[in-house]
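Everything on this sheet refers to the single structure shown next.
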Amino acid sequence: MRGGYVLLYALGILLGVVYIQMNTLHHSQIALDRTTNAHTRFQSLLDAHSIAEMARVCLEHYDAQDCDRDSFVFEGTLGGYHLIKGSDGRYWADVYVERQNLRTSQILRTHLKTELKIQLKAQPTPQQAPIANHNQS
């Protein structure tokens, strides 16, 4: 009879250890999922800033109609922008990035609206005619 209680006691301890181990493994997987989501969001934010910079460069070199909107696909990431001209003449870029977390298969979307600080090309000024030197020696 005494051996039966020892066996039940050992089985209870074994089940307790297995439960703790499974619970720890589950929580570490959730923490890893959160970490990969945070990394994916951070990378998407960097991509959104890069796309806004591409919109700014396009607007500096071309007119607003040519650069109104664009989209990009690079390494499984979808991104793009749409230009908005404010009533005060400033340009805003409405940027989006869509990326899949390869670990969890979640699709994470990042949206950014940023003002484009544009340095338009200076208009060429007409050259002045050289002043003739009328001093005769």
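The values are calculated or read from the model by the stated rules, or taken from the named source; none is laboratory data. Remember, it's a predicted structure, so these values are computed and weren't measured experimentally. Positions of Cβ are generated from backbone atoms using ideal geometry, with glycine treated the same way; all protein chains shown enter the neighbour counts. Please note that ligands, DNA and RNA were not included when accessible areas were found on the heavy atoms of the full protein model with its side chains. Shrake-Rupley method; radii C 1.70, N 1.55, O 1.52, S 1.80 Å.
Before moving on, here are some points about what is shown:
- Pairs linking a residue in segment 58-86 that is touching a residue at least 40 places away in the same chain (Cβ under 8 Å) to a residue that is part of a loop (DSSP other than H, G, I, E, B) and surrounded by 10 or more Cβ atoms within 10 Å (Cβ to Cβ), with Cβ atoms under 6 Å and 6 or more positions apart or on different chains, are 59/67; 59/118; 60/118.
- Against the numbered list (1) closer than 30 Å to residue 91 by Cα; (2) free of Cβ contacts under 8 Å to residues at least 60 places away in the same chain, residue 34 comes up short only at (1).
- For segment 43-93, the set of residues classified as of a type in the set (Ser, Thr, Tyr) and in a helix (DSSP H, G or I) consists of 44, 50, listed by residue number.
- Residue selected from segment 98-111 under the condition in contact with a helix residue (DSSP H, G or I) (Cβ under 9 Å, 6 or more places away or on another chain) and in a loop (DSSP other than H, G, I, E, B), by the criterion most open to solvent (accessible area, probe 1.4 Å): 102
- Selection from segment 31-86 of residues that are more than 19 Å from residue 108 (Cα to Cα) and small (Gly, Ala, Ser): 55, 64, 86
- Selection from segment 79-97 of residues that are surrounded by fewer than 18 Cβ atoms within 10 Å (Cβ to Cβ) and aliphatic (A, V, I, L, M): 84
- Some residue of segment 34-45 being among the aromatic types (Phe, Trp, Tyr) and under 23 Å from residue 102 (Cα atoms): yes
- Residues of segment 6-32 satisfying the condition of being within 30 Å of residue 101 (Cα to Cα), of a type in the set (Ser, Thr, Tyr) and open to solvent by 100 Å² or more (accessible area, probe 1.4 Å): 19
- Among the residues listed as 35, 40, the single one being touching a strand residue (DSSP E or B) at 6+ places or on another chain (Cβ under 8 Å) and either assigned to a helix (DSSP H, G or I) or surrounded by 11 or more Cβ atoms within 10 Å (Cβ to Cβ) (or both): 40
- Qualifying positions in segment 43-78 - charged (D, E, K, R) and open to solvent by less than 80 Å² (accessible area, probe 1.4 Å): 47, 56, 60, 63, 68, 70
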